[in-house]
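Data block below; observations after.
Please treat every number below as a calculation from the coordinates, not as lab data. A quick note: this is a predicted structure, and the numbers were derived from the prediction, not measured. Here the Cβ positions follow ideal geometry from the backbone for every residue, glycine too, while neighbour counts run over all protein chains shown.
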Amino acid sequence: MRLTGSRGTMYNLFRFIGIRHLITKPGRTILATMGVSLGIALYVAIQLINHSTTAAFRESIESIAGRSKLTVAGGDTGFSENLVEKLQKFPGVRSAVPLVVSRAYIAGTGDTSESLMVLGVDLLKEEGVRSYRTTDQEVIDDPFTFLNQPDSIILTKAFAQRRGLKIDSRFEIATAHGPRTMTVRGLLEPEGPAKAYGGNLAIMDIDGARVTFGKVNKVDRVDLVLREGVNPANLAKALAASMGPGFTVEDASAQSEGMSKVIASYQTLLDLFSVLALFVGVFLITNTVNISVAERRKEIGTLRSLGTLRKKIMVLFLSEAVLMGLWGSFIGVFLGWGMASLLVDLVAHSMSIEYATPIQPGEIAFGWSQILKGMAIGGGAAFVAALYPAIRSVTIQPMDAMKRIDEGEESVGPQKTYGLLFGAILLAYLAVSSLAGWSAHAGVFKVLDPVAAMAGVALVSPFAVLAIVKLLQRGYSWMSGKGGATSRLAHDNLIRNPKRTGSNVRILMVGLTLVIILSSLSGSFKSSIVGWYDRTLNADLVVSSFGSLVANQVQPIDENIGKELEKLSGLRGDSERSAYGIRSIHFQYGGKQLSLKAYDETNPADRYSNFEVLDRPTFEAVQELYHSNDLTTLVSESFSRNFHKKTGDTIEVDSPSGAVKLRIVGVASDFSSPEGLIYLDRKQYRNIWQDHLVDGFALFAQTGYDPDRIRVELDHRFGRSLNLSSVTQGEIKKQVSERIDNAFSYTHAIEAAALLVAMLGLLNTFLISVMERTQELGVLRAIGMSRRQVQGMILQEAFLQGSLGSGTAVLLGTAAAYFLVTYSLSRLLGWVLYFSIPWSSLALTVILGIVVAMLAGIYPSIRASRIEISEALEYE
């Protein structure tokens, strides 16, 4: 039964024409849906991974919080245990339970891939906040058994099984004073706190933990159980006012939000890549509908002649695009689910290393909400992508549509102007937005900036290629003359068919531009950070507990170990010391978590080359840092930009000793924190923060003395007894380089997928080009061109478009990447990045562009060479 009326007409148009077209052109349909699937899959995978990892953070924090409503913390260095009694007596507090929280690495292995979050607890008070259940419940029921044995530790069953440990097993952990042997006294069942940090949790007596981790007379946090009827928010305000600066009072949800902010830049980068990947799919939809409109001119003319309204023809093309978008999205969300399931552990492991927090993500939360959201985004993107081609379809007049016109020979004046103008506007917007830093202030610009870069390059590039072809026409005519008529025809076809050339180049440009942006971003990260280490890392050896000092994943050690190191032969120093302490912590400033570095003053004869001051002579600034009568600091370039501070300004920093005013004596280059960093003289830091721990020591060899001899002696004397290891300048830079490469390793899959889509898109347009030129190719065959020459002409066209397209992509893509990396992404992520042209990647991009174009041209060239002359001359 046929439907009638306007709705019925539209339904029949879609059913008998739209769907039939999608079915009869399976290659094109599959290609378009695959492009959308790729973008949606990456988007969904990233969203699922982000949700899973942040949920793991939240679960860990809430499991540790137990029944407490508020937590008072004093930062990385903790605060005096004397304040616990003050909190216990505070109105509205029923119980104040102290904790010492430290990370412990397995001694002697150098393995930082897995660490323990050790809670130093007072078991006599713990029952009011957290409940533990062990296989040997006597340990919990009778805490004196546990307390009377100072080497006692309780592990979770999960961690013990991974390490092959059981009750009464002994193993060593790194401590502030060297390795210490611990004995497993109990195994926690996987419930309550034991679920935190993926089971990488251990329990020690609080006094033992203080001694072990160099926090004597200190606590890291106090969990508060409130009296009934007390409002947590009001009590938190009263506590904050009473405790003063240097302390945070927050609930578990606020703590998890804080960790989410810490990893925000990592997740923002992932989101950016998903937007770029989705853009590739959207562009492919635009190209597919464009080709469909060009190919179906007669069909459009026939429908118009039969009285079909313009809006219904436009809706027809939009419906086809949305159907492809929805189908591609449906496939993409499930593909993204699979990708997330495969990659979540890898990403969680990378984030565990990057943020020094064990993350064990749970099951991927996947359901109808993710499916519907993915399909809505994909369908909406397809609608937007098809809007211009659909509008264009209704501008075709019926009489013109009935004529067979080579799409490449159509008049392109107005469209050329509009496309070039709109592309130029997008690139101009990118420059203005990047320079103004709009992406750092409004979330919408985070999406618009990379999309403007990709779309602007895609729209401008075809006209840039044609301009280059015309510019080089005389020289190429001479070269093509040497190559014969085939080369000349291939060259002339590029100029004679600007639309066809532009369509082919545009597809290639999208894939290549994405490759250039990703390689420029990773290359700029690498060159900026490694270059900074090259300029500032002047120590011959850096000594720390086993772990990774570069990743800030080492057990802090007592500063007095430096006196032992100074007994090593061949060290160069000054009258005060020859082992220079390094300490790095986090602190709160302006509502953000920043980094603080405290260095011992090195020998002034070295001109303080371990600093790189940007706004004044380094020697003068660092002399002020160490020898001023007032408290001074150097701030990082990111701090200066984020908080609008400059040399001469004063900042107020909260510390356990109260608010401290620091005068800025210079702005320095540093890549330790995207939010910001300050430097202090370690003497000043030690007095203010009451912290006698260091992360490591910098050692300098005497002139002519081999640093390897110092290293061998250090390993022999202190490697085992103090659990120390050393790394050279070269090894540190290698570690930094490897960390950056690992962080961007998954982008290669995005690049490969973008190039694959570009190749398939080119294959599609080359085939359409051959079909449109059937009569022309028949004429060439009739006047004597051999099949081999026809094939060679098509391949030469592919080569020219590939080489010129990739060359133009390098020029325009690098310019767009410059603004994105230097300004937009730099501000968005917090890093102050210096743009580095990835020469090797650009050379590879040119080669890949040519290879992709040639591969895409092989089958169309073979098909063109097989056209029969008689059939070609009859073609209309």
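Kindly flag which residue pairs out of LYS237/LYS597; LYS86/LYS597; LYS661/LYS683; LYS526/LYS592; LYS89/LYS215 have an alpha-carbon separation exceeding 20 Å in this structure.
On the way: LYS237/LYS597 30 Å; LYS86/LYS597 31 Å; LYS661/LYS683 16 Å; LYS526/LYS592 25 Å; LYS89/LYS215 24 Å.
Beyond 20 Å between Cα atoms: LYS237/LYS597; LYS86/LYS597; LYS526/LYS592; LYS89/LYS215.
Assuming R0 = 41 Å, can you tell me the calculated FRET efficiency for the pair LYS661 and GLN702, based on Cβ-Cβ distance, to the nearest 0.05? Don't skip to the end; give the middle numbers.
On the way: r = 40 Å, r/R0 = 0.98.
That pair, LYS661 with GLN702, gives E of 0.55.
Which of the peptides 374-384, 232-242 is most tightly packed, and how do the rest follow, going by the mean number of other Cβ atoms within 10 Å of each residue? Please list the in-between numbers first.
Working: 374-384: 21.7, 232-242: 14.2.
Going from most to least packed, we get 374-384, 232-242.
Counting other beta carbons within 10 Å of each residue's own, what order do ASP251, ASP540 fall into, fewest first? Before the final figure, lay out the partial values.
Details: ASP251 19, ASP540 22.
Ordered by Cβ neighbours within 10 Å, fewest first: ASP251, ASP540.
Would you calculate the volume per residue, in Å³, of the smallest convex hull containing every Cα atom of the range 674-747? Intermediate values should be presented prior to the final figure.
Values: hull volume 13.2 nm³, N = 74.
Enclosed volume per residue, from the Cα hull, is 178 Å³.
Using Cα pairs closer than 8 Å and at least 6 residues apart in sequence, work out the relative contact order for the range 556-722, in percent.
Values: 296 pairs, mean separation 53.8, N = 167.
Rounded, it is 32 percent for the range 556-722.
Tally Lys and Arg at +1 and Asp and Glu at -1 over the other residues with C-beta under 12 Å from the C-beta of LEU693: what net charge comes out?
Numbers: positive: LYS215, LYS218, ARG583, ARG682, ARG686; negative: ASP76, ASP558, GLU559, ASP691, ASP695.
Within the 12 Å Cβ shell, the charges total 0.
Using label points projected 7 Å from each Cα along Cα→Cβ, tell me how many nm separate ARG392 and LYS567, to one decimal.
Modelled inter-label distance: 8.0 nm.
I need ILE17, ILE664, ILE557 ordered by Cβ neighbour count within 10 Å, fewest first. Don't jump to the answer; show the numbers that get you there.
Details: ILE17 17, ILE664 22, ILE557 26.
Fewest-to-most ranking of ILE17, ILE664, ILE557: ILE17, ILE664, ILE557.
Counting other Cβ atoms within 10 Å, keep those with at most 13, restrict to DSSP loop, and tell me which GluC sites (Glu not before Pro) in the range 695-746 are left.
Values: sites: GLU713, GLU731, GLU738; in loops: none.
When the GluC sites (Glu not before Pro) of the range 695-746 are filtered for loop state and at most 13 Cβ neighbours within 10 Å, nothing remains.
Take the alpha carbon gyration tensor of the range 556-722, find the square roots of its eigenvalues, order them as a ≥ b ≥ c, and report rounded if a/c is under 1.5; if not, report prolate when a/b exceeds b/c, else oblate.
Details: a/c = 2.18, a/b = 1.68, b/c = 1.30.
Prolate.
Taking 56 Å as R0, compute the FRET efficiency from the Cβ-Cβ separation of ARG170 and LYS311 and round it to 0.05.
With a Förster radius of 56 Å, E is 0.10.
Just to check, using Stokes-Einstein with a Kirkwood Rh over alpha carbon pairs, what's the diffusion coefficient of the range 649-797 at 20 °C and 1.002 mPa s in µm²/s? Don't skip to the end; give the middle numbers.
On the way: Rh = 23.7 Å.
Rounded, D is 91 µm²/s.
Computed FRET efficiency, Cβ-Cβ of ASN538 and ILE862, R0 56 Å: what is it to the nearest 0.05? List each step's numbers first, then the result.
On the way: r = 62 Å, r/R0 = 1.11.
Here the calculated transfer efficiency is 0.35.
How do THR248, THR602 rank when sorted from fewest to most other Cβ atoms within 10 Å of their own Cβ? Provide the component values of the computation, followed by the final result.
On the way: THR248 19, THR602 22.
Least to most surrounded, the residues fall as THR248, THR602.
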